[in-house]
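Quick note: the coordinates plus some simple rules give every number you see, no bench work behind them. Here the structure is a predicted model, which is why all the values come from computation and not from measurement. Backbone-built Cβ (ideal geometry, glycine too); neighbour counts: all protein chains shown.
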Amino acid sequence: MTAPATGRRCRHAFEAASVHANGDVVCSIIDGRGEYVLGNVHQSSLHDILRGPRAEELRRLVVSTDDAYCRAVGKTCALKTLPAPPGEVVHTRLRFLAIEPTTTCDLRCLSCPIRDIAGDTSWRDAYADGGMAFAAWDITRRAKQTLADGVQRVLPATWLRPVPERSRAEALLLRGRMPAGRRGTLPLDVVCRVMDEAGPQVERLDFFNYGEPFLYKPLVPALRHARQALPRAVIAISTDGQHVRPETEAALVDERLVDCLVFSVDGVDEDTYQRYRIGGTFARAWAHLSRAAARAAGTPVRVVWQYVVFRWNDDDRHLDRAMAMAAELGVPIWFDFAHTWGRSERAPDDLRRVAFNLRPFTALPGEPRQQGW
Ligand code: SF4
């Protein structure tokens, strides 16, 4: 399609697809709620969904605003960073595929949507899990969403416009609770069919989104199929590291079923780790990361330590200690600065010295991400 003269666009609406564990197809991880669903793989082929009118409309919506606001989801998008020059011809070949095999997760990380998707935490858990500041934020958020749902129930249907037609204020104020039916697990045959339909030209497969991929029982056969169906794809998995069993890890590394295995371990000890990763332990995540790093040493499989930076683990002592531990283990470390509740308040210039360890395409606090990722 030809983009009109606007400021910027994302790449995901044009070149990517993200399949949720309930089968819904959305643009990217930004639409974790399933606000703008293109179709569902239980009902249609991925090919038909990405060629359908919803997908075309999504691309029009993205380029209809010249800032980072995306009308499809009714909020600003950190991935809308690519310049969209007048007359640009944007190809819509599927290059990047994300599959969320399951929303099942062992952890209830503080500001992760899994808390809403799983539906088993409430405002009552907020204080115990995150203290007074988190409870204040979480209760306010939940109250506003419940109020928005109530308003939408009583307003006449003719007054309620779809999200893309709402003003920005309306979209914000009327965003309710996580849609019912967001959680699920994709059957193996559906996962395999989606990979076949995606086609061999796919350049990257992220076999994760929300939920813990190592809790997906048919993980190994799914990845074996991915290797055959998507021969050119770089395959990546991101895990919290709590449930990486030796036999699964052996299959992934020895059969080279993944190219990149990312362990998200956000701290250097139990205090810094358990502040956010509710239900996990640093000791277990670190033990599994260490074992996987040893297993993958000398193979093409890249094991990476991802460290999401919050205000309780962003001290120079923490960051220096993490870099030293990563060097000792022989793995790269990626710092990824959180944008949600608990985000680091340090100035980017104070953090510039760790910029070479940033997760690719991400940025220091307050700075834009790179190249539409
Ligand atoms: S701008 Fe963001 S939210 Fe909108 S379609 Fe692109 S990736 Fe999705």
Using the Cα atoms of segment 37-91, I'd like the radius of gyration and the largest Cα-Cα distance, Dmax, both in angstrom. 12.8, 38
May I have the extent of the alpha carbons of segment 294-369 along their three principal axes, as whole Å values ordered from largest to smallest? 38, 25, 22
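Using alpha-carbon pairs under 8 Å, 6+ residues apart, how would you state the relative contact order of the chain in percent?
Details: 687 pairs, mean separation 60.8, N = 373.
Across the chain, relative contact order equals 16 percent.
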At what distance in angstrom do the alpha carbon centres of segment 289-318 and segment 340-366 lie from each other? 17
How big is the C-alpha Rg of segment 142-256 next to the rule-of-thumb value 2.2 N^0.38 Å, as a ratio? 1.51
For the chain, what is the convex hull (Cα atoms) projected area averaged across all directions, in square nanometres? 18.4
One finds the C-alpha centres of segment 1-70 and segment 187-265 to be spaced, in Å, by 23
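Counting pairwise Cα distances across segment 114-170, what percent come out greater than 18 angstrom? Please report the intermediate quantities before stating the final value.
Working: 766 of 1596 pairs.
Pairs farther apart than 18 Å: 48 percent.
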If the viscosity is 0.692 mPa s and the temperature 37 °C, what translational diffusion coefficient in µm²/s does Stokes-Einstein give for segment 202-275 when Rh comes from Kirkwood over Cα pairs? 250
Unpartnered cysteines of the chain (Cβ-Cβ under 4.7 Å counts as a partner)? C10, C27, C105, C192, C260
Over all alpha-carbon pairs of segment 244-348, lay out the pair-distance distribution in 5 Å bins, whole %, shortest bin first. 2, 13, 23, 23, 17, 12, 7, 3, 0
When only C-alpha pairs under 8 Å and at least 6 residues apart count, what is the relative contact order of segment 103-260, in percent? 23
Could you go through segment 231-242 in sequence order and give the Karplus-derived ³J(HN,Hα) for each residue, using 6.51 cos²θ - 1.76 cosθ + 1.60 with θ = phi - 60°, rounded to whole Hz, and x for Gly and Pro? x, 9, 7, 7, 9, 10, 10, 10, 9, 7, x, 6
Using 0.36 nm times the number of residues separating Q274 and L173, minus their current alpha carbon distance, what extension gain do you get? 33.1 nm
What aspartates and glutamates sit close enough to K144 to cross-link, taking a C-alpha to C-alpha distance under 17 Å and skipping anything fewer than 8 places away on the same chain? D116, E170
Per 5 angstrom bin, beginning at 0 and ending with the bin that holds the maximum distance, the Cα pairs of segment 67-150 fall in percents of 3, 10, 14, 15, 17, 14, 10, 8, 6, 3, 0
Could you derive backbone 3J(HN,Hα) for segment 311-321 from the dihedral phi with the Karplus parameters 6.51, -1.76 and 1.60 (θ = phi - 60°), listing whole Hz in sequence and x where the residue is Gly or Pro? 6, 9, 9, 10, 5, 4, 4, 5, 5, 5, 4
Percentage of interatomic Cα-Cα distances in segment 1-120 larger than 21 Å: 39
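What's the FRET efficiency of Q201 with I139 using the Cβ-Cβ distance as r and R₀ = 45 Å, to the nearest 0.05? The partial results should precede the final answer.
On the way: r = 47 Å, r/R0 = 1.05.
With R0 = 45 Å, the Cβ-Cβ based efficiency is 0.45.
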